[in-house]
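Here is the structure we will look at.
The values are calculated or read from the model by the stated rules, or taken from the named source; none is laboratory data. Values in this document were obtained by computation on a predicted structure and should not be read as measured data. Virtual Cβ from ideal backbone geometry, glycine too; neighbours counted across all protein chains shown. Keep in mind that these areas ignore ligands, DNA and RNA; they rest on the heavy atoms of the full protein, side chains included. Shrake-Rupley method; radii C 1.70, N 1.55, O 1.52, S 1.80 Å.
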Amino acid sequence: MTQVSVTPESFEMVFYDAAVIGEVVAEVAERLGFEETITLEIDERSPLGRSKITSYDPIELWVDGGALENTKRPRQFGTARARDTIGRLLLRILDRRSGRFNETPDDDELDLMQFAAWDVHCVGRLERLGIGGQRQRRLYQFRNRHGFSDVADAAFEQLWDSSELSWTEIERISGDCRTA
Amino acid sequence: MRKIFPAEELARDGRFIRQTNEQRMGDPRGARIAGGNSGDRLAKLTPELANGPDRARALMHGIFVGEIQALEGAGRTCWDFEVGEDVPLELKLDMARQCWDEARHCEISVALAEHMGTELGEYAENALLYEAACNPDPVLRLTGVNRALEGLAIDVFNTMKEFGNMAGDPVLEFCEDWMLADEVTHVKMGSDWLRRLTENDKERLDKALEFQKVVDRLFSFNGFRGEEDDSPIQLTRRFRELAGFSDDEIDEIADMSREARVEASS
């Protein structure tokens, strides 16, 4: 059973329950094959949707409160949104540990195009696992970074449908849109 | 059929969740605006922002529910007042034309939501626009809705049109441009009727302009709509002039925004 530590333990500005969040994170982690302890820090003051991996080993994640929020019901926890956010972060950790991403720059050196391309590859896999989705939303984000063109759409399909791309392949697919 | 239909009873299916003004303003993180949040120092909405596409999606959803409420409001104005006693027939004809425009905007917004990957009802709906359309005086109603809120719509549509242009998204850019053209007409209707119906009634004119200011202020959290380069929504002078705003009136909105900004940062 994956152990999850959530900070803070109680919330003042949003109606979140640390125990419920811990269960959702553990569920996603187990589906992805993690067995180690995960630490999740939440900035409840921010309704934005930013998220990042602050440590790969041990696993430490940081998110804005908004990244776990139900957009239909502001200040309430959204399970689907949380699965999507946590799932993307954990898949990035798995990718970096796989040996296929050894040449990947550090997270804070990635540009918006690279992040968008990697996110598409992550969310496509999450959808097939029944964890995430919102294909059209990801296509819109990808088009904003890679262009509203047939070339970009074909690149998106490839990233979304592939199961085990390497960083070199993701870079090539994304880069082909720059040169098109 | 009853007159002045309450906002709480507007028909919505299960996809839509209503957020009251109290809930919206009572959010300790700041009220939701411009696809972001007034508690944060929001940057100008551009595709280069990391959260730019998602903010555009949220803002577009806000526009969509605003179009539904604008349709409901214009429809109510056709029904709530008597020809001759309250309003001239021509005013009702203008509102009927606006209904047709808003219905078309709803359909365009639904198509844009699909294009941007947004589910209908994905974000909470606030009914402030329709509430402004419940004013029992037709002059105040048109001033609050057609001049203040549709005026804001001009600024929002122009911002979204520029977002589409910068992103190289022709679908968003052209849809916003077409809707923007209609909004200018709606604001012009408000400006024209305000002048015609208060021609010999200075007190009513002052009351209507005061109501407009109240509505404008309600939508000026943190001065998010302004003329500064980093204002999330840009105040659009040219289109407002075309819609019957005087330079003084536009200056006043810009000043209001600046003051709200200073107040927020202090």
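Long hydrophobic helices in chain A, taken as whole DSSP H segments with a C-alpha length of 15 Å or more on their own axis and mean Kyte-Doolittle hydropathy at least -1.0: A:18-31, A:79-97, A:112-128, A:150-161, A:167-179. Among the GluC sites (Glu not before Pro) in segment A:77-180, those placed in a DSSP loop whose Cβ has at most 15 other Cβ atoms within 10 Å are A:Glu103, A:Glu164. If one computes the Cα centroid of segment A:103-163 and of segment B:124-147, what distance in Å separates the two points? What the calculation gives is 42 Å, centre to centre.
Peptide B:112-118 shows a mean partner chain C-beta count of 4 within 10 Å per residue C-beta. A Förster radius of 56 Å, combined with the Cβ-Cβ distance separating B:Asp248 from A:Glu35, puts the computed FRET efficiency at roughly 0.25.
Expressed to the nearest 5 percent, the antiparallel share of DSSP beta bridges inside segment A:4-97 is 30 percent.
Of the accessible area of the protein assembly as shown, with the probe set at 1.4 angstrom, what percent is carbon plus sulfur? Solvent-exposed carbon and sulfur of the protein assembly as shown make up 50 percent of the total. Across chain B, the relative contact order, built from alpha-carbon pairs under 8 Å that are at least six residues apart, equals 21 percent.
For the residue pairs B:Lys161/B:Lys202; A:Lys72/B:Lys161; B:Lys44/B:Lys207; B:Lys188/B:Lys213; B:Lys161/B:Lys188, the C-alpha atoms sit more than 28 angstrom apart in B:Lys161/B:Lys202; B:Lys44/B:Lys207. With the cut-off at 1.5 for a/c, could you classify segment A:71-176 from its C-alpha gyration tensor as rounded, prolate or oblate? It comes out oblate by the Cα gyration axes. Each DSSP beta bridge with both residues in chain A is either parallel or antiparallel, and the antiparallel ones are about 30%.
With Cα atoms as the point set, the protein assembly as shown shows a radius of gyration and Dmax of 23.9, 80 Å. The B-A contact accounts for approximately 2400 Å² of buried accessible area, totalled over both chains at a 1.4 Å probe radius. Exposed loop sites are taken as GluC sites (Glu not before Pro) in a DSSP loop (any state but H, G, I, E or B) with at most 10 other beta carbon atoms within 10 Å; the longest stretch of chain B without one runs B:86-198. A cut-off under 10 angstrom between Cβ atoms defines the neighbours of A:Leu139, and their net charge, with Lys, Arg +1 and Asp, Glu -1, is +2. Accessible surface calculations at 1.4 Å, restricted to protein heavy atoms, place the protein assembly as shown at 43 Å² per residue. DSSP beta bridges fully contained in the protein assembly as shown are about 30 percent antiparallel.
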